[in-house]
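The values are calculated or read from the model by the stated rules, or taken from the named source; none is laboratory data. Everything numeric in this text was worked out from a predicted model, so none of it was measured. With ideal geometry, Cβ positions are generated from the backbone for all residues, glycine too; neighbour counts draw on all protein chains shown. For accessibility, only protein heavy atoms count, side chains too; no ligands or nucleic acids. Shrake-Rupley method; radii C 1.70, N 1.55, O 1.52, S 1.80 Å.
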Amino acid sequence: MKADLIIPTYKPGDKFRRSLRRLAQQTRKPDRLIIINTEEEFFPEDLFSLYDGIEVHHIKKKDFDHGKTRDYGASLSDADIIMFMTDDAIPKDRSLIENLLKPFENPDVSAAYGRQIADPEKNYIEYYTRIFNYPKESRIKTKDDLPVLGIKTFFCSNVCSAYRKKDYDALGGFLHKTIFNEDMIMASKMIEAGKAIAYAADAVVWHWHDYTAMEQLHRNFDLAVSQTDYGGLFLEVKSESEGVKMVLSTLSHLISKGKIHLIPKYILDSGCKLIGYKLGRNYRRLPRRLVMKITMNPTYWEA
């Protein structure tokens, strides 16, 4: 199968340099590496020397959209499989691409996503929550899993993902006005269409954030807005219960490992996540001025 990799970038830095070096050493390299870069002046020239044949297409910041920008990248590809990564995700080993493509040997699989891990020395809480959300066991998810997995049935992340191009195109591609969550929206459409989503646990990238509590609130507000605006299965399946499971599991883990000093921060972060999510699910009742203060993506709200 022909497989292209698409990466949106904005002011790419050291993590992207490390990623390019590791992508150049893959056992199965992408047929094309397509970069959609926001603002040409922020793309350093030295990046071209790190990966042979890199393609860069520049767009303006005002034109960036989580769904539309990635769909533009997809439109440039004629591959059987289109893969996506973010510019801050770093392949753990030389087998990332090979392992991400393996699930497509199953003709029922329309999308796959990889495992994300974090450095326990740099962010221990994120290290554990990554383990909770991205376990070591791979699995295939279908519509039959909805009663048990709820919203996690169509969990998928474009931090490291792949889609069967014919299925992606048949379902209309990523939405062109998306505040966030374009990956899970596409996965939900695939699940609803009777397709399967694969979690490829052996396709591993280093990826984590160091968000403040308020940044967690903003991020979860936008996440909930995306689910509310799209509707569909997002309004029919359980969501908050998964968050509660993770909070209880993380608190238990921190206690068992003697890291009690991290609990106040984790409780504050979790509380802000919940507040942001609740506000996002009810954003239509909020005054626009408040919405603009909470969102991470003010351009989404422009007419």
Only one of these is over 27 Å from His176 (Cβ atoms) and in contact with an Asp or Glu (Cβ under 8 Å, 6 or more places away or on another chain): Leu274, Leu251. Name it. Leu274
Identify the residue in segment 128-142 that is in contact with a strand residue (DSSP E or B) (Cβ under 6 Å, 6 or more places away or on another chain), touching a residue at least 60 places away in the same chain (Cβ under 8 Å) and of a type in the set (Ser, Thr, Tyr) and, among all such residues, is surrounded by the fewest Cβ atoms within 10 Å (Cβ to Cβ). Ser138
Considering only segment 2-28, state which residues are open to solvent by 70 Å² or more (accessible area, probe 1.4 Å) and in contact with a Leu (Cβ under 7 Å, 6 or more places away or on another chain). Arg21
Restricting segment 163-190 to residues that are of a type outside the set (Lys, Arg) and over 17 Å from the mean Cα position of the chain (by Cα), the one least open to solvent (accessible area, probe 1.4 Å) turns out to be Asp167
In segment 120-135, which residue that is within 18 Å of the chain's Cα centre (by Cα) and not aromatic (Phe, Trp, Tyr) is farthest from Gly243 (Cα to Cα)? Pro135
If you go through Asp202, Asp229, Asp210, the only one that is buried (at least 18 other Cβ atoms within 10 Å of the Cβ) and acidic (Asp, Glu) is Asp229
Taking the criterion of being in contact (Cβ under 8 Å) with a residue 40 or more places away in the chain and more than 27 Å from His176 (Cα to Cα), would at least one residue in segment 229-241 satisfy it? yes
With modelled with pLDDT of 95 or more and open to solvent by 20 Å² or more (accessible area, probe 1.4 Å) as the only criterion, which of Asp145, Asp119, Asp78 stands out? Asp78
